[in-house]
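**Student:** Just dropping this structure here.
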Amino acid sequence: MLCFNLQSYLPVLIMGSLYLSGSRCILRQVFFGLPSMLQRPYSLDVSAQLLRTRAFIDGRWVSAASTFPVLDPATGEEIAKVSDCGTMEAQDAVNAAYKAFHLWKNHTAKERSILLRKWFELINQHKEDLAKLITAECGKPMKESIGEMTYSASFLEWFSEEARRVYGDIVAPSAKDRKILLLKQPVGVASIITPWNFPSAMITRKVGAALAVGCTVVVKPAENTPLSALALAELSVQAGIPPGVFNVVPCSREKTLAVGELLCTDPLVAKISFTGSTATGKILLRHAAGTVKRVSMELGGHAPFIVFDSADVDKAVAGAMVSKFRNSGQTCVCSNRFLVQSGIHDAFMEKLAKAMDAELKLGHGSEPATTQGPLINTRAVEKVENQIADAVAQGAVIVRGGKRLEGSFMQPTLLSNVNTDMQCMREETFGPLIPLVKFNTEQEALAIANASPVGLAGYFYSRDISQIWRVTEQMEVGMVGVNEGLISTTETSFGGIKQSGMGREGSKYGIDEYLEIKYMCLGGLSL
Ligand code: NAD
C-alpha cells in the first residue's frame, strides 16, 4: 500500500556537474547513499541550443549584472544560473517591444500566421527536450511534461489559424450620408507574467494570441522556471519571429517586485496579462490602474468536486484521480473541495483510497514510473502539512497518507470527516490533498461549492440529466466538468469568475484580449 512512501528513497548527498557534449548540454546528478530508485545518476540531457540562461531582449541574448540559481525541486540541486534582470533590462525589453510593435502590426495576418505556425512546428520537433526542461525545473513527471508541451504548442497552432480570422463589422448607420465600420486593432505592447506550474503553456496561451493580432510582448517567467521560457525564445528565433516581438526577462524573487512594477506601469505598455495567485493579481491590478492598462487575470481557484448519489462511482473515482493529482495537485483547476452525497460516500471513499494505493508513485519526474513529483518548494509542502494538521485537530480522519516526506515531497493524502470550517475548505491547497465532505441534498452541495470568493473550475458527477443542467447553471465558476475531471483544451475558453480573474484565454475569445475596437464613422457621403 505504501507505494508513495518516499522517505527511504531520498538522497543523503547529491553531487552535480554540468558539461557540454557536442551540441548537447548534460547535467549529471549523482545520488549517494540511497537504497533505491534515486541512486542511479540522473541526467538532464538537452540540446545546448535550448538550454539558454541569458535574457532575450530585442533578438539578442543579454547578460545581467548577476545571476540567480534554478533548482531541481526534487533534489534542491542547481540546474543552471540564469541572468537576474533588473529594471534596466526590463525597460530595454519594453522599449524594444514598443519599437517592434510598429513593424509587427503592419505584417499581414497571413505573414504572422506563417511565423507562428513555424514556431509551433519547431516546438513539436523539440518536444522531448523541452519536456525535460519542464521536469527539471518544475518537477512534474515526464509524461505530464510531454503533455504540457503538446498543450503549449497547440496554442501557437490555434492562434496561427485564428490570426487570419480577425474580422471587424460593418454596421447599419442611422443617417443616410454615413457608413459605420468597427475596426479591430492590436492593443500594443503586452507584459506577460506567468507562474511556474505550467512553465511553457502559460506563456504560449497568451503570446500566441498577442502575436497573432500584431501585439509584441515582454515575458517575465516565474523565478523557479525561466529555462522553459528561454528555450521558447530560442525557437522563436529559429522560426523567424523578428527581433523585439518576443522578449524574455527572467529575474529572481528579490527583483520581481521592481521588475513587475516596471512592466505593469510603464506608459509604453498597453496590456498586462497575468497568470498566478489572486494575491499577486490584486497588486498588478493596482499597478495597472495608474495608466489604465487593459488587463487579463488568470488567478487562483478552489475547485469543488461534487459526487451525487446518481453518479457512476468508478468514473467519479477516475475523475477525482486525474483532477486532483495532476502535477501533484499544483494546478489552478485541481479539485480542492470534495463533496460526496451520503448514499455514495462510503463506496466512493473506499474505491478512491484503493486507486491512490494502486496508481500513485512518488519519485523524480525523470523516472518513467513516477506519477507524483515533488511540490515546487518546501513552503508549498508546509502549506499542505498545515492544512492537514488543522483538519485533524478539528476531527478529520486520515484515510491515506498525511505525512510530509523529505525535501519537497508530500504523501498524497485522503481525509474523511471534513467540515467547511477547516482551512483546506477555505483556501486553495496547491498540493496532493483530498478532503471529503459528506452532504445530503443538492442545495446543500451547491451552497458549499459556491461559498468561495473564487470561481475558476468546478466538477460534478451525476447521471441525472435534469440535475446536470441545474447544477451547471448554478455553479459559480468559469468552467464546469460534468462527468469529466480533465477539461482544458485549446479550442475552449479558459478563465474564471469572482476573484479567479477576468478575461478568457484559448478559444476564439482569447484573441479579443489583445484587440481594441475602433469605430470609424465615414460621413458626408452623397449616396
Ligand atoms: P504567484 O502569484 O506567486 O507568481 C506568479 C508570477 O507572478 C511569477 O512570475 C512571480 O514571479 C510573479 N510575481 C509575484 N509577485 C509579483 C509582483 N509583486 N509583481 C510582479 N510579479 C509578481 O503565483 P505562483 O505561486 O507562481 O502560482 C500559483 C498560483 O497561480 C495559484 O494560485 C494558481 O491557482 C494560479 N494559477 C492560475 C492559473 C489560471 O489560469 N487561472 C493557472 C496557473 C496557476
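**Student:** How many of the residues in segment 371-399 are in contact with a Pro (Cβ under 7 Å, 6 or more places away or on another chain) and of a type outside the set (A, V, I, L, M)?
**Tutor:** 5
**Student:** Right, another one. Look at residue 340 and say whether it is more than 22 Å from the chain's Cα centre (by Cα), buried (at least 22 other Cβ atoms within 10 Å of the Cβ) and in contact (Cβ under 8 Å) with a residue 12 or more places away in the chain.
**Tutor:** Yes.
**Student:** Within segment 202-302, considering only helices (runs of 4 or more DSSP H) that don't extend past its boundaries, which have at least 2 residues that are open to solvent by 10 Å² or more (accessible area, probe 1.4 Å) and near the ligand (Cβ under 9 Å from one of its atoms)?
**Tutor:** Qualifying helices (runs of 4 or more DSSP H): 253-265, 278-290.
**Student:** Kindly establish whether residue 83 is under 24 Å from the mean Cα position of the chain (by Cα), more than 30 Å from residue 404 (Cα to Cα) and polar (S, T, N, Q).
**Tutor:** Yes.
**Student:** Okay, moving on. Would you mind stating whether residue 420 is polar (S, T, N, Q) and not in a helix (DSSP H, G or I)?
**Tutor:** Taking the combined requirement at face value, the residue satisfies it.
**Student:** Considering only segment 499-527, state which residues are surrounded by 18 or more Cβ atoms within 10 Å (Cβ to Cβ) and over 23 Å from residue 214 (Cβ atoms).
**Tutor:** 499, 500, 501
**Student:** If I ask for residues that are assigned to a strand (DSSP E or B) and either farther than 27 Å from residue 138 by Cα or among the β-branched types (Val, Ile, Thr) (or both), which ones from segment 79-114 would you list?
**Tutor:** The answer is 79, 82.
**Student:** Restricting attention to segment 312-324, report how many residues are more than 16 Å from the ligand (Cβ to nearest atom) and either under 16 Å from residue 432 (Cα atoms) or buried (at least 23 other Cβ atoms within 10 Å of the Cβ) (or both).
**Tutor:** Of the residues in that region, 7 qualify.
**Student:** Pull out all pairs, ordered by first then second residue, where Cβ-Cβ is under 8 Å, the residues are six or more apart or on different chains, the first lies in segment 141-162 and is under 14 Å from residue 125 (Cα atoms) and modelled with pLDDT of 95 or more, and the second is of a type in the set (D, E, K, R) and not in a helix (DSSP H, G or I).
**Tutor:** none
**Student:** Consider residue 340 against the criteria (1) part of a strand (DSSP E or B); (2) under 30 Å from residue 130 (Cβ atoms): it satisfies all of them except one. Which criterion is unmet?
**Tutor:** Just one mismatch for residue 340, condition (2).
The values are calculated or read from the model by the stated rules, or taken from the named source; none is laboratory data. Since the structure is predicted, the reported quantities are computational estimates derived from the model, not experimental observations. Note that each Cβ is placed from the backbone with ideal geometry, even for glycine, and that neighbours are counted across all protein chains shown. Side chains are part of the model used for accessible areas, which takes the heavy atoms of the whole protein and leaves out ligands, DNA and RNA. Shrake-Rupley method; radii C 1.70, N 1.55, O 1.52, S 1.80 Å.
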